[in-house]
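Okay, so here's the structure we're looking at.
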There are 4 protein chains.
Amino acid sequence: MTDAEARIRASFARQSMMQTLGAELGEVGEGRVTITAPILPGALQQHGAGHAGLTFSIGDSAAGYAALTTLPQSAEVMTVEMKINLMSPATGDRLVAEGRVIRAGRRITVVAADVWAETDGTRKHIAMLQGTMIAV
Amino acid sequence: MTDAEARIRASFARQSMMQTLGAELGEVGEGRVTITAPILPGALQQHGAGHAGLTFSIGDSAAGYAALTTLPQSAEVMTVEMKINLMSPATGDRLVAEGRVIRAGRRITVVAADVWAETDGTRKHIAMLQGTMIAV
Amino acid sequence: MTDAEARIRASFARQSMMQTLGAELGEVGEGRVTITAPILPGALQQHGAGHAGLTFSIGDSAAGYAALTTLPQSAEVMTVEMKINLMSPATGDRLVAEGRVIRAGRRITVVAADVWAETDGTRKHIAMLQGTMIAV
Amino acid sequence: MTDAEARIRASFARQSMMQTLGAELGEVGEGRVTITAPILPGALQQHGAGHAGLTFSIGDSAAGYAALTTLPQSAEVMTVEMKINLMSPATGDRLVAEGRVIRAGRRITVVAADVWAETDGTRKHIAMLQGTMIAV
């Protein structure tokens, strides 16, 4: 495990929101990070699908950690802004969010993320995020 | 309590994500809905502030229910897209989200929301959301 | 005229896009700037209404100059990102964009703008923008 | 040329904003449309680069026409909302915008676009757009 990955895994472990949602950190690559999460009984909207806040949370965190992989060891990132388009209800066995860096900068990093819902091994693209991270 | 408000309170009670976050439905007015939430130990990011997903979740739900107040009794709404600008860390005693309708339509409703962090009775504007709801 | 206003008027005069669109700088106040524009025959979309790019252009410039009013004399601003919700077609006598600062910062300024279409003295809210400016 | 392409080329020819900006319609494929534009002397911001409104205009139109390729012959599309992240100044020989469909729907189509600045045959990714089109 690289130092960058170790740093990101330690940071992820401190995000109690991720534990509450049952989220797990998947692959951590240069400019690309995956987070998976079940659709827990406590993370639903009024129709029984996953809440938009669940999809947003793992998409935003995946994008933020993707940004962190391109920054110096001492850096932290904060979300400046994030936009999400929700394309299908969050239903299925689990969600998979993949964040990636579009443009790395010293201060501002432009990021994107996609979220899929997996059911019986097939996946559906349910959301797309585009946003800005700032190094702090 | 109006029929519209009763309908919204029943819908809110079915959003298990709101219960997980400890969120409560406040005022329900025509085109304007308030949701409050504590910053629970299980809803934090890596620096100990509230996770962006917490702020997003209550802002998005407040905006969605604001849209619902302007629609016929049988309607439901889904978030088409939502954009959030995060201006300050979510720290303090509790968060207050106020959703409001900017343009009501038969199918598409444009909404906005603001989220404040309250500490000792003073409040700070920590996030602003702008998005689109669709009647389903 | 204050130094800040003089600086903004000189900058606006250098934005050739504003001249091409026939746009004029209106009021310049602390954190608030107005730009007006006709709907020229050369700025239309395929149905004869003003192009989304016209509405975006004056909204974005109004928001950027609003940000500039809150920054030191030597600063310039660039748009990091901007989101626009279009609520009605841009038709009428002229468009009026009002940009305003939501949160001023030393580097990052969160801004918003509204655009109205005026016809015979009445105005319709046709677009809402929310974005981020960076001092450069 | 397919009927869909012929229809899109006729529609593009009616967008006077595209002519004002010197924009040309490039490839028209299923769910994918390219628009190119010079950076005309009349489309600049205050520092001499292309105005954000130029980049937005061709990105938005490319995304809208991409959506149109997936809809029935009689349909038209309007932009519901569009978000743009600007990553580099619009400088160079010309801009190239590629719009594409992310999720086609009967009413709502989710789209994305990228804009590059080309200089001496090399290109730089200057902007990314994500938005929603509605069939009307």
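The values are calculated or read from the model by the stated rules, or taken from the named source; none is laboratory data. Fair warning: this is a prediction, and the values are worked out from it, not measured in the lab. Quick reminder, even Gly has a Cβ in these numbers, built from the backbone with ideal geometry, and neighbours come from all protein chains shown. For the accessible areas, the whole protein counts, side chains as well, though only heavy atoms, and no ligand, DNA or RNA atoms are used. Shrake-Rupley method; radii C 1.70, N 1.55, O 1.52, S 1.80 Å.
Here are a few things to note about the model shown:
- The range D:91-122: number of residues that are within 14 Å of chain A (Cβ to nearest Cβ) and either in a loop (DSSP other than H, G, I, E, B) or under 19 Å from residue A:103 (Cα atoms) (or both): 10
- Tallying residues that are aliphatic (A, V, I, L, M) and touching a helix residue (DSSP H, G or I) at 6+ places or on another chain (Cβ under 6 Å) within the range C:76-85 yields 3.
- Residue within the range A:52-66 that is of a type in the set (S, T, N, Q) and either over 20 Å from residue B:43 (Cα atoms) or more than 14 Å from the chain's Cα centre (by Cα) (or both) present: no
- Counting the residues of the range A:1-21 that are buried (at least 16 other Cβ atoms within 10 Å of the Cβ) and of a type outside the set (D, E, K, R) gives 10.
- Failed item in (1) in contact (Cβ under 8 Å) with a residue 60 or more places away in the chain; (2) under 15 Å from the mean Cα position of the chain (by Cα), with residue D:71 passing the rest: (2)
- On inspection, residue A:75 fails the criterion of being within 12 Å of chain B (Cβ to nearest Cβ) and aliphatic (A, V, I, L, M).
- When restricted to residues that are facing chain B (nearest Cβ under 8 Å) and in a helix (DSSP H, G or I), the range A:7-17 contains 5.
- So residue C:126, is it open to solvent by less than 10 Å² (accessible area, probe 1.4 Å), part of a strand (DSSP E or B) and out of contact with any Lys or Arg (no Cβ under 9 Å at 6 or more places or on another chain): yes
- Subset tally (residues that are open to solvent by less than 20 Å² (accessible area, probe 1.4 Å), touching a helix residue (DSSP H, G or I) at 6+ places or on another chain (Cβ under 8 Å) and among the hydrophobic types (A, V, I, L, M, F, W, C)) for the range D:99-119: 4
- Per the conditions (1) open to solvent by 10 Å² or more (accessible area, probe 1.4 Å); (2) modelled with pLDDT of 95 or more, the sole criterion not satisfied by residue B:59 is (1).
- Residue among C:69, C:2 that alone is touching a helix residue (DSSP H, G or I) at 6+ places or on another chain (Cβ under 6 Å), more than 11 Å from chain D (Cβ to nearest Cβ) and among the hydroxyl-bearing types (Ser, Thr, Tyr): C:69
- The lone exception for residue A:131 - which of (1) out of contact with any Leu (no Cβ under 7 Å at 6 or more places or on another chain); (2) over 25 Å from residue D:111 (Cβ atoms); (3) within 13 Å of chain B (Cβ to nearest Cβ) it fails: (2)
- Inspection of the range D:45-64 finds a residue satisfying the criterion of being free of Cβ contacts under 8 Å to residues at least 40 places away in the same chain and touching a Gly at 6+ places or on another chain (Cβ under 8 Å).
- The single condition among (1) open to solvent by 10 Å² or more (accessible area, probe 1.4 Å); (2) over 15 Å from the mean Cα position of the chain (by Cα); (3) touching a residue at least 12 places away in the same chain (Cβ under 8 Å) that residue A:96 does not satisfy is (2).
- The listed residues are D:24, D:76, D:81, and the only one of them that is within 24 Å of residue C:47 (Cβ to Cβ) and crowded, with 19+ Cβ neighbours inside 10 Å turns out to be D:81.
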